[in-house]
Structures are given as C-alpha cells and as structure tokens.
Amino acid sequence: WSENALYECLKNSYLLTAGFIQDQVMAAPAMDKRDKRKAAFLVRNAVEAMNPANFFALNPEVLEATQAENGANLVRGLKMMLEDVTRGKGKLLIRQTDMDAFQVGRNMAVTPGKVIWQNKIAQLIQYAPSTDQVGARPFLFVPPWINKYYVVDLNPKKSMMRWLVEQGHSVFIISWVNPDARQADETWDSYLKTVMEIIDVVRAETGEDKVNLGSYCIGGTLAGTLLAYMGKMGDERVGSATFFTAQLDFEDAGELQVFVDEKTLTMVDQQMDEGYLPADTMASAFNSLRANDLIWGYIVNNYMLGKDPFPFDLLYWNSDSTAMPAHVHHFYLDQFYIHNALAKGTLRVLDTDISMADITVPVYHVATREDHIAPANSVYRGAQMMTGAKVRFVLSGSGHIAGVVNPPAAEK
C-alpha cells in the first residue's frame, strides 16, 4: 500500500474521499440528532464496504498470495464460503472463528451444575458448590436472551459462575429457551412472571427469604423493570441487585438506536410474521455495527486469503445466535428504544405503571468505557434515576463483553 505508487494513490484517494464524505454528514445543518446518527452509520457502512482492500483485484496482499500459491488460497476460500452458505441455509453466515474448536459441555459452559426447573421459555441451572460452606443468601443471575447464557461461563479461566462458586456463593442462572413459533404468544410480562417464579424456586431450594439478583445487558433491562414492579408492590423477595452493562435510560442508547424508529419497527414486525425474529437477523445487525472487524476483515481473510479464522471462544459464543419472540422484541424496541418509557415513568407491566424511582433495593451498577451497545453515559443516567435506592456506580474499562468477561486473574 505504500511502496507501490499505484496502490499508494489508491489508498490515499480512498482515505481522502471517505473522510470527506463522513465529514459532510457530520456538518449537515438542521438535521435531527437521531437522523444524523443514522445517516452517519449508513455512510460509514458504505465507506467501509468500498475499502479497496475488500476487492480481489485491488488488494496487493491477496494478489501476492494468489500468485505465490497458484490460486490455492481462492480454492480454500471458495470451499469455506460454500460451507458458510450451507450452514446459513442459503444465507452467507460468515465464520468468525474455528467452529469445530469448541463445543458446549466439552470445553465451554463446563462449571458443574444441573437443571432443577423449567417452563416453556426458561430453564433454571443450579451450580454445584465447591466449598465446604456456602453463603446463606443465594445469587440468581439473569442473562440476556439475545445470546446464550454461557457468556458468563465460557471456560474455567473466564467463568464468572465458577469464580462465584469458588468464593462460596450459592449460584443459580437462567438459561432462556431459543424461541420459535411455539413461543409466539410470549410477552415481556411472561418473562417477568418467569423470573418471579424462579425467585420462588430458588428461595424454596435454599430455604432463604431473599435472593441477590445479578443481570447482564437486556437481562438487566428486564431485571430493572422487575425490581421497579416489586418495589411498587412492596415485594421484598430480592435483597440486592447487580447490573452489568444494563441500559435502563434509552435517551442516548448507543449505536443500536440507528435500527429503531417507527418505520423500521414496522419492517421488523413483518420479519416476525411466524411469531419470532430469526437469529441471523439480530446477528447481522450486531455485525454491521463493527463491519470492518466482523464482516469485511473475515471476507478478506477467509474467502480471499483462504485462511482459517483463529479459534476464539468469545466469537464462537457470539456466533451461537438466538431468535427473539415477536411480542417481546416489539415491546422492547417500542417501549424502551422509541418511547424510553421506563425512564419517563410511563412503562406499564403486569397492569401496573412503574418508574425507576420505584426500585428500592441496594444496587451495584457496572458500565464499560468503550461500550457501543449500552454507552457508559447512558447507563450512568439510568443509575441516577434510581432515587429510591442506594446505588454504587462503577465505570470499568473495555467494552460490552470484554469489560465484563474479565477475570480477576487477568489483573486488569
């Protein structure tokens, strides 16, 4: 890109043009803040797609590899592409890691435990104790249902669940069912009722009156609405709450906000005509937020250079996508992203109006500095709205996943 005059000209022309186009969007006058953010996102995606490195004939590294290997790299790349299309059932499902290197129950999600309860939308896992004595009050973790629960139990070195057990906690976690048409009638209230039912199961299992509640991402949004409802009803079954990168105020809700307005909500509803949003739709949306890293880099590496992606447990988990029940997803986008109802005190769940001021339990709130899904400023504003609770807010480093899946042994 620097030694060859033609490629250096190509590189500099691209960088100058890309910078100019993106500057024009940001400088556009009289544009609504949300519209400007959406325009900037779409332009950025177009600019990243047009990077000359993404094209076979314009990428010197690819041309050099093709010449050196007599095209064997392209044969390997085509084989991988066909496998990814087959795996995606006709859609290109780009592999981001070695899909054969990991298996749930073999080298992922291996902290000992068992399912002790289930209904049609969730299972409850109780982890086996590893200490002679365990704390009396149990800890229940509510993970997101956008991805699988085992992000907090990736492997023994990274597992938050294993670490909690080793500290003498009595630990339970919810594993949400990956929905299909059978969950078409489930609602946000269904998920709230399920967590409350699970709380009673945990209390009965341990003989304790209260549980400590932990939650992550959209699981934290659900937990926030649950705690507000319980506070409003004078329900004291939860003793404390811990939120990891959980958004409750959606006024400035990160880059995902570019996908949500009244028009796109109508389009999403059409995609959910069978009662659920297909898993690959949500995965594509998340990948497009970091297209250079999660799309184009792999297209060049996998399909042009013919290189196998590096085995990485976090990316395997990321590719293990889940669907979303239609009513739950619509409620989430409409009530939180579009209307910001919980922050405004206008959210209605279980026939009750709630606000964040209704939360009364002690709260420990963790945000991460580089989070593009739940921005730290937004999480902080939500924490400030819990005026009825004692709140400790902590700003961590890194991003939405790496800032939480960050074991003490790493000493970061």
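The residue pairs whose first member lies in region 305-318 and is assigned to a loop (DSSP other than H, G, I, E, B), whose second member is crowded, with 16+ Cβ neighbours inside 10 Å and of a type in the set (G, A, S), and whose beta carbons are closer than 8 Å, counting only pairs six or more residues apart or on different chains, are L305/A65; L305/G77; G306/A65; G306/G77. Within region 125-134, does at least one residue satisfy the condition of being in contact (Cβ under 8 Å) with a residue 40 or more places away in the chain, surrounded by fewer than 20 Cβ atoms within 10 Å (Cβ to Cβ) and not in a strand (DSSP E or B)? Scanning region 125-134 turns up at least one residue that is in contact (Cβ under 8 Å) with a residue 40 or more places away in the chain, surrounded by fewer than 20 Cβ atoms within 10 Å (Cβ to Cβ) and not in a strand (DSSP E or B). Of the residues making up region 364-377, those that are open to solvent by 10 Å² or more (accessible area, probe 1.4 Å) and either assigned to a strand (DSSP E or B) or within 21 Å of E236 (Cβ to Cβ) (or both) are Y364, V366.
Results for (1) within 24 Å of F312 (Cα to Cα); (2) open to solvent by 80 Å² or more (accessible area, probe 1.4 Å), shown as yes or no for each residue.
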| position | (1), (2) |
| --- | --- |
| N54 | yes, no |
| E64 | no, yes |
| Q96 | yes, no |
| M99 | yes, no |
| N107 | yes, no |
| W117 | no, no |
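Can M272 be described as farther than 23 Å from F41 by Cα, crowded, with 17+ Cβ neighbours inside 10 Å and without any contact (Cβ under 8 Å) to a residue 60 or more places away in the chain?
Taking the combined requirement at face value, the residue satisfies it.
Scanning region 344-356 for residues that are under 25 Å from N147 (Cβ atoms) and either in contact with a Phe, Trp or Tyr (Cβ under 7 Å, 6 or more places away or on another chain) or part of a loop (DSSP other than H, G, I, E, B) (or both) turns up just one, V349. Here P112 meets the list (1) in contact with a Phe, Trp or Tyr (Cβ under 9 Å, 6 or more places away or on another chain); (2) under 27 Å from V328 (Cβ atoms); (3) surrounded by fewer than 22 Cβ atoms within 10 Å (Cβ to Cβ) almost entirely, failing just condition (2). If you check T368 against the conditions, is it of a type in the set (S, T, Y) and within 21 Å of N147 (Cβ to Cβ)? Yes.
State which residue is surrounded by the fewest Cβ atoms within 10 Å (Cβ to Cβ) when the search covers only region 9-41 and only residues that are in contact (Cβ under 8 Å) with a residue 40 or more places away in the chain and among the hydrophobic types (A, V, I, L, M, F, W, C). Even if it seems obvious, please write down each step before you answer.
Residues of region 9-41 in contact (Cβ under 8 Å) with a residue 40 or more places away in the chain: 10-11, 34, 37-38, 41.
The next check asks that each one be among the hydrophobic types (A, V, I, L, M, F, W, C); those that pass are 10, 41.
Numbers: L10: 16, F41: 18.
In this case the residue turns out to be L10.
Among the residues of region 85-112, write down those that are among the polar types (S, T, N, Q) and over 30 Å from Y127 (Cβ atoms). The answer is T86, and nothing else.
State which residue is modelled with the lowest pLDDT when the search covers only region 222-256 and only residues that are touching an Asp or Glu at 6+ places or on another chain (Cβ under 8 Å) and under 30 Å from D35 (Cβ atoms). This residue is G254.
Across region 93-124, what is the total count of residues that are assigned to a strand (DSSP E or B) and among the hydrophobic types (A, V, I, L, M, F, W, C)? Looking only at that region, the number is 7. Here L333 meets each of (1) under 23 Å from A39 (Cα atoms); (2) open to solvent by 20 Å² or more (accessible area, probe 1.4 Å); (3) at pLDDT 90 or above with one exception, condition (2).
Number of residues in region 6-40 that are farther than 25 Å from A253 by Cα and among the polar types (S, T, N, Q): the value is 3.
Taking region 210-246, which residues are part of a loop (DSSP other than H, G, I, E, B) and open to solvent by 10 Å² or more (accessible area, probe 1.4 Å)? First the steps, then the outcome.
Kept after step one, since they are part of a loop (DSSP other than H, G, I, E, B), are these residues of region 210-246: 210, 217, 234-237, 245-246.
Matches in region 210-246: K210, C217, G234, D235, E236, R237.
For the condition of a type in the set (V, I, T), in contact with a Leu (Cβ under 9 Å, 6 or more places away or on another chain), closer than 19 Å to S355 by Cα and in a helix (DSSP H, G or I), T264 does not qualify. The number of residues in region 211-236 that are touching a residue at least 40 places away in the same chain (Cβ under 8 Å), over 29 Å from I401 (Cα atoms) and not small (G, A, S) comes to 2.
The values are calculated or read from the model by the stated rules, or taken from the named source; none is laboratory data. Computed from a predicted model, the values in this text were never measured in an experiment. Virtual Cβ from ideal backbone geometry, glycine too; neighbours counted across all protein chains shown. Just so you know, the surface numbers come from the protein's heavy atoms only, side chains and all, with ligands and any DNA or RNA stripped out. Shrake-Rupley method; radii C 1.70, N 1.55, O 1.52, S 1.80 Å.
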